[in-house]
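Since every read-out is calculated from the coordinates, none of them should be taken as a lab result. What you are looking at is a predicted structure, and each value in this text was computed from that prediction instead of being measured. A quick note on method: Cβ atoms are made from the backbone with ideal geometry, for glycine too, and the neighbour counts reach across all protein chains shown.
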Amino acid sequence: MADENTKARIRTAILALPETTPTAMYGMFEILSSVGVVWQQVMGDGQVFPRFEVELVAVDDQPFCTLVGVPVTPGRSVVSDDVFDLVIVTDIDIRPDCDPREAWPEVAEWLSRQYAAGATICSVCTGAVLLARAGLLDGIEATTHWMAVGIMTQCFPGVLLRPERILQPAGKEHRIITAGGMSAWQDLLLYLIARYAGEEEARRAAKVYLLGDRSEGQLPFAAMLPRQHEDAVIGKCQEWVGAHYDDPAPVARMAALSGLNERTFKRRFKAATGFAPIDYVQSLRVEEAKHLLETSDMPTDQIGREVGYEEPAFFRRLFKRKTGTTLARYRQRFRRTATTGTGREPDRSLPG
C-alpha cells in the first residue's frame, strides 16, 4: 500500500469509447477526483490536496456520445505520447456481431504501450475484453461479468478466467487488476484509493459516497460534522474535551472551565455546536471508538474503556444507537473497506 502521507498525484486515465456505458466511467471520474478534497472540505480535517489527476481518454479528442446518448468530452486521445500511472477500462457494450479480436486496434495498442511504460491497467466488467484484446491477460487470472465468459473463452482462450471473483489483482506487482460485474467498479475504486492514497482515504470515500453494504442504512457511514461558530468560550471547551473526552465527568469539567453556571453553559454550548454537551461528548467518544475499530485489533471492551466507558454493555448500546450497527460489524466493514473494496474477502493477497 502507498504511504498515507505520500502527496504525489496519480495520473489516471479512464478510457471512453462510444461503447462505454457511462455509470462506472463518470462515477470513478468523480470519486477519484474528490480524493483528498471532499472529506477535507466538509470535515475540516487535513490539507486539501487532490490525490488523483483524472482524465478521460478516447480514440481522438473530439466530443462524442455513447450508445445510450450520454455526451463525452475527452481530455486526451490514445495517439498522444502521454504516459499514465493508472489506466481504467470500464464496462463496454459488446454487441453480438462484434468480434473483439479485430475491434479497437488503436485502443489495444495504447493499452499495451501504457503497460510497457509502467502503468497499472484495470478493467471493470466487460472491460476485461479490451485488456484481453491487448494481450495483457494471457496466462494470468482475470475476472469479468458472468455474461462475458462465453466470448472471453471463445476469443481469448489463454486467459485464466475466474468469473466467480469480484476483484482479481494479478500479474507482476499486481499491475493488472480486473473487477467482475458492473457494480464492481466500487470495489475496484476503493482498492485503488487504498493502494495509491492510503487506507484512511479509502475509508473516507466509503463514508462520503456510502460505498459498500447499505443494508443497515446511512448511520454506519456518518461522521460527526463540525459546526463553525464564534463563541470563544465554547470553543475553548471543545478544544479541552477533544483531548479529554475520556474524563469521567467531562461536562462538569467543561462547565467549570467556561466560568458559567451549568444551565447557562449548556444553553450556550448547544447554541454554538448544535449538540447538548453530553451528546457532544458521546459523539466524540464514538468517533474515537470508530477510529480504533478501523485501525487496530484492540478488543471492543478495551476500546470502550479507552474512550471513557467502564461498563461494556452501556458502551455497546450507545455505539449501536449512534451508528446503527454493532462494534463487531462496524470493524468488519471498515477494516476490509480499505483493502478489499466494499467489505468482501480478498480473492488474492494484495501488494504490500
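Quick notes on this structure:
- Considering only 264, 273, 300, the mean-square fluctuation computed in a Gaussian network model of the chain, springs between alpha carbons under 10 angstrom, is largest for 264.
- Share of Cα-Cα pairs in the chain lying beyond 32 Å, as whole percent: 40
- Note on region 10-214: with charges restricted to the Cβ of Lys and Arg (+1) and Asp and Glu (-1), its dipole about the Cα centre is near 460 debye.
- Listed residues 235, 293, 112: farthest to the positive end of the dipole of the chain (Cβ charges): 235
- Region 220-324 shape via C-alpha gyration tensor axes, a/c threshold 1.5: prolate
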